[in-house]
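Notes to accompany the following structure.
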Amino acid sequence: MKKLFVLMLSLLMVLSFAGCGQKDDPKKKGEGVMTHEQYVAAELNSEVTIETYIQAKQSWWQDKGTFYTQDADGAYFLYEMPCSEEEYNKLTEGTKIKVTGFKAEWSGQVEIIDAKWEIEEGNYVAKPVDVTSLLGTENLISHMTEKVTFKGMKVEASTDPNGNEVAFLYNWDGSGEPGSDLYFNVSSNGVTYQFTVESYLCGKDTAVYKAVEGLQIGQTVDLEGFLYWYNGPNPHITAVTVK
């Protein structure tokens, strides 16, 4: 009898773990839910339904939140998704949600607007993919909004409003002040790109904000963040490692 009980308990544990694995499989989609490939192929302004996982939260304001989200095959940017502040606080990294909204585009960034959503069982945190070799290529856009890394980037000079060479600017033109978005130039294979620390995503008290304020021209850095798009790639950096 004791052996039978142990056997049944073991079987229940196996089934339980199997069920958990199914719930957390970021490739598995529920009924009526698009794959990432289907989402990419959908027309702008059409209604879309996806399942995705919160990766980072950009901001909350007037019962609307903006989120970087991702599944195993690609990313989705949720712009001003209606939610209370209490709901926003519950949407932590890895949380799975089902979203129905409309596919839109602003200055090249594809996003979902006017969304309705619900939390589902499951949890997934994406690992950043190294896209350094894709800089300057047409293939980079296929990773839009994904969590990405850039390796071995060289810090290049920016020019402030007084004509001085500096390692970063507050705002794209240097018109800002501490707490504004940070812009800085980095190069790979001799080509220079402008990256951003988006202040709503990573404010002035965060480690990455302080790290960029401490950069020096000529340093080599590894960078991590989200591949936002604004009339071209405009990565929102969340971590900096000086080599």
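The values are calculated or read from the model by the stated rules, or taken from the named source; none is laboratory data. Nothing here was measured: the structure is a model prediction, and the numbers come from that model. Every residue, glycine as well, gets a Cβ built from its backbone with ideal geometry; the counts of neighbours run over all protein chains shown.
Among the residues of region 138-163, those that are touching a strand residue (DSSP E or B) at 6+ places or on another chain (Cβ under 7 Å) and more than 21 Å from Q70 (Cβ to Cβ) comprise G152, M153, K154, V155, E156, A157, S158, T159, D160.
For region 108-213, please list each of the strands (runs of 3 or more DSSP E) lying entirely inside it that holds at least 1 residues being among the acidic types (D, E), in contact with a Lys or Arg (Cβ under 7 Å, 6 or more places away or on another chain) and surrounded by 13 or more Cβ atoms within 10 Å (Cβ to Cβ).
On the way: elements: 109-123, 147-156, 182-188, 191-197.
In region 108-213, the matching strands (runs of 3 or more DSSP E) lie at 109-123.
Hey, can you tell me all the residues within region 35-58 that are of a type in the set (G, A, S) and either over 13 Å from the mean Cα position of the chain (by Cα) or in the same structural domain as Y228 (by TED's automatic domain parsing) (or both)? Passing the criteria: A41, A42, S46.
Checking the structure you have, find out if any residue of region 203-226 is within 26 Å of G101 (Cα to Cα), among the small types (G, A, S) and either touching a helix residue (DSSP H, G or I) at 6+ places or on another chain (Cβ under 8 Å) or in contact (Cβ under 8 Å) with a residue 24 or more places away in the chain (or both).
Of region 203-226, the ones within 26 Å of G101 (Cα to Cα) are 225-226.
Filter again for among the small types (G, A, S), leaving 225.
If we keep only those that are either touching a helix residue (DSSP H, G or I) at 6+ places or on another chain (Cβ under 8 Å) or in contact (Cβ under 8 Å) with a residue 24 or more places away in the chain (or both) as well, we get 225.
Checked region 203-226: at least one residue is within 26 Å of G101 (Cα to Cα), among the small types (G, A, S) and either touching a helix residue (DSSP H, G or I) at 6+ places or on another chain (Cβ under 8 Å) or in contact (Cβ under 8 Å) with a residue 24 or more places away in the chain (or both).
Do we have L135 as in contact with an Asp or Glu (Cβ under 7 Å, 6 or more places away or on another chain) and at pLDDT 95 or above here? No; evaluated as a whole, the condition is false for this residue.
Is one or more of the residues making up region 107-117 under 29 Å from G232 (Cβ atoms), in contact (Cβ under 8 Å) with a residue 60 or more places away in the chain and more than 17 Å from the chain's Cα centre (by Cα)? Scanning region 107-117 turns up at least one residue that is under 29 Å from G232 (Cβ atoms), in contact (Cβ under 8 Å) with a residue 60 or more places away in the chain and more than 17 Å from the chain's Cα centre (by Cα). When the residues of region 214-238 are filtered to those that are farther than 14 Å from L169 by Cβ and over 19 Å from the mean Cα position of the chain (by Cα), which remaining residue is surrounded by the fewest Cβ atoms within 10 Å (Cβ to Cβ)? For region 214-238, the residue satisfying everything is Q216.
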